[in-house]
Structure formats: C-alpha cells, structure tokens
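Only one structure is covered here, and it is reproduced in the block below.
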Amino acid sequence: MATESRDLLRELERSVGELQAFNEIGRTLASTLDLHEVLSLIMEKVSTVLRPGHWSLLLVDEATRELVFEIVVGEGAERLKPLRLPIGEGIAGHVVASGEPVLLEDARVDPRFAGRFDEASGLVTGSVLAAPLVSRGRALGVIELVNPRGGRVFDGSDLRTLQALADFGAIAIDNARAYERIRELTLRDDHTGLFNARHLWSQLRLEVARSRRTGRPFSLVFLDLDRFKAVNDTHGHQAGSAVLREVGELVHRQMRSIDVPVRYGGDEFVVLLPETTAPAARQAAERLRAAVNGAAFLASRGLEIRVTASFGIASFPEDGKTAEELLQLADAAMYRVKETTRDGIAAAGDLPGRRA
C-alpha cells in the first residue's frame, strides 16, 4: 500500500510539473517570437520534467537537407555541435525522415543507431527517446533525449510528454521563422540583398551601447563608387543597376559573418565591423578596395566593366562617441578621398583638425 502511495505521489508531482511547463511555454509563445529564447525554454523544461542525462535539439538545414545541432546539453556537447547528419541517418535522422517518434530501451542494438556520434562525444548511449518537430505536415527537426538520470529507461509516459513539448517547439520554430522572413524584408535592400540604412542605424546604436558597456572597439567603413555616372551614361541604367548588384555581392563575400554590410543608398555602401580596431578596419578596407579594383563586373554579359571606390573609416571610441558622429566622420573621410585622389582610403583621424 505504501509503495502504491509513493508511486501515486510521484505521478501527481510529474503531472503538476508537466502542467507548469506547458503553461510557461504557452505564455512565452504568446509574448516572444525570438527563436533562441523559445527553444532554450523548451529544452529547459525537457530537462526539468524528463530529466535526461544528455539531450539535443536538431533542426533541418533546408539548403543542404541535413540536420544541424541547434542545442546540445551533456557529455561531449561541444564536440557534437559542429557535426551534421543527413536526414535518415541515426535515430534522429530516422525520426525526421519518418515523422514518427522513437522510444528505445537500448539504442545500440537498434539497426538505425549511428555510433559515430558516441565516438565523437565520448558518450555511451543507452535508452533513447526522440520526437519530431512537425508543423503543417513538414518536419522541422527533432528533440532527442539520451540516458535518463536515475538509472531508469524512458517509458510511454515520457514519450507522451516529449511529443507534447515537441508540438510546442514546432509551433515556436514556425512562427519565429515566419516573423524573421517578414522582418528580413523590411531590413534588406531589394536590389543588392544587403541590409538597408534602417538596419544600419539600429545595429550601429546597439553597437555603440555594447561597446560603451564592454569597452570593446568597433569601426565603420563608408565607400562610394568613383565616377559611377559614367557607367550609367556609357552602358545604360540597367547595366549600372546590375553592376551595383554585383558590387553588393562582392562586399558581402569579403566580410566576416559578424560584420553588417549595408547599401546605404545609390552607389554608397557601409560596413559595420564589430570588435575591430582602426588599424584592422584599414586592413579590411584595403582588402575590399583591392577586390573592387580586381573585379570585372558584368563579365557574364561580355562587358567587363571596371570601377574603383573611395573609402572612409571611423572607429569607436577614438573618433566618435555616438552613431551619428561616427557615420558622419566616416562619410567625411570618404569624401576627402573622392575630392582628391579617388580609389583610396582615409580615416576620420586624417581629417583636418582631428589630430595634432
């Protein structure tokens, strides 16, 4: 009788925990569209309610049709994060391919088990529970739990709980991605695919605030194509527009993933360089200048149009303390080049009266 009472109490505690988890996730879904925030909460609740020793959330990369480790917690997590697996490989890949959950007492005896992930992480997989993240009939990813704590194995009750959490996760992912697609449309330049001036101002102000807080530097590079009117006059405005598109692609290729390349307007471009000192910004501008000089634009049309650009640099904190001041100084440095040599680089510190 005492054993039955203890079992009933544990089941009630578990039910209360599940209801609390679902309630909190529901509130978060209603208040945010930040994908990382929602996924982190879901995985936190998975940990609290189901108590796995190791768990991960993998999402489908639509471009490659591979699964990517978005969140990994447990032994060897950092070694697993860079790995990818084709849909259909391993337990997780099978779950995404089939759209059906999997519950295994010992995954290593299952023919779908892929041992390379244990080899990479150092984990010894035992009991596994995995549920697909499915929205509108499309598999977005999978939540996979390994080795529940306490020496037990996963059971049917665990499976029902995980499926419910996965349903919440799928809704969150779909909503957040839809929001990001709409947001991207308002922040991108239609013609070049780079960010637009609205996004630049937003990111620039955030970077100023972050750098004031951390004491870390950042820089701006402002560039303007030289004598671009001649391209339009000689080859026509359609060719000129196509050149701008190719310049935008070139700027994007030259930048790091953390940089913010922007079409500021017309034939003007700006690149925000986080964590970048003034000397490093000059090096980045020189690489970009060399890339522009070495490019033959519209070569696919047999035109091979050559252009150059004038560059201006401003850096935080030595050149300016506000977003407006930094952009104005980078612009002024660029115009100093444009009005003298063209095809060159100047920094805000080179402007008359800026430095002794």
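At a glance:
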item: Inter-part distance where the range 327-346 and the range 47-68 are each reduced to a Cα centre, Å; result: 49 Å
item: Rounded to 10°, Cα long-axis angle of helix 278-294 versus longest principal axis of the chain; result: 70 degrees
item: 3J(HN,Hα) from dihedral phi, the range 37-47, Karplus parametrisation 6.51/-1.76/1.60, rounded to Hz, x for glycine, proline; result: 4, 5, 5, 4, 5, 4, 5, 4, 6, 4, 4
item: Inverse mean reciprocal Cα-Cα distance (Kirkwood Rh) of the chain, Å; result: 24.0 Å
item: Rounded Å value of the spacing that divides the Cα centres of the range 96-121 and the range 224-240; result: 58 Å
item: With Cα atoms, 0 to 90° folded angle of helix 323-338 axis to the chain main axis; result: 40 degrees
item: Gain in span if fully extended, W201 to E339, counting 0.36 nm per residue against the direct Cα distance; result: 47.1 nm
item: Overall form of the range 197-350 per C-alpha gyration tensor (a/c, 1.5; a/b vs b/c); result: prolate
item: Proximal lysines relative to K81, as straight alpha-carbon distance under 28 Å, when same-chain residues fewer than 8 apart are discounted; result: K45
item: Those residues of the range 291-313 whose amide nitrogen sits under 20 Å from the label point placed on R227, 7 Å along Cα→Cβ; result: 291-299, 303-312
item: Rounded to the nearest 20 debye, dipole of the chain from Cβ charges on Lys, Arg, Asp, Glu; result: 900 debye
item: Among beta bridges that DSSP assigns inside the chain, antiparallel share in %, nearest 5; result: 95 percent
item: Residue-wise HN-Hα coupling along the range 230-244, computed from phi with Karplus coefficients 6.51, -1.76, 1.60 (Hz; x: Gly, Pro); result: 5, 5, 5, 5, 7, 10, x, 5, 5, 5, x, 5, 5, 5, 4
item: Residue exposure sequence - Y335, Y264 - by fewest surrounding Cβ within 10 Å; result: Y335, Y264
item: Sites L303 and H36, calculated FRET efficiency, Cβ-Cβ separation with R0 35 Å, nearest 0.05; result: 0.20
item: Dipole of the range 115-199 [Lys/Arg +1, Asp/Glu -1 at C-beta], most positive-end residue of S121, V146, N196; result: N196
item: Cβ charges +1 (Lys, Arg) and -1 (Asp, Glu), total dipole of the range 125-276, debye; result: 520 debye
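Throughout, read-outs are computed from the coordinates displayed, never taken from laboratory work. Everything numeric in this text was worked out from a predicted model, so none of it was measured. FYI the Cβ positions are ideal-geometry reconstructions off the backbone, even for glycines, and counts take in every protein chain you see.
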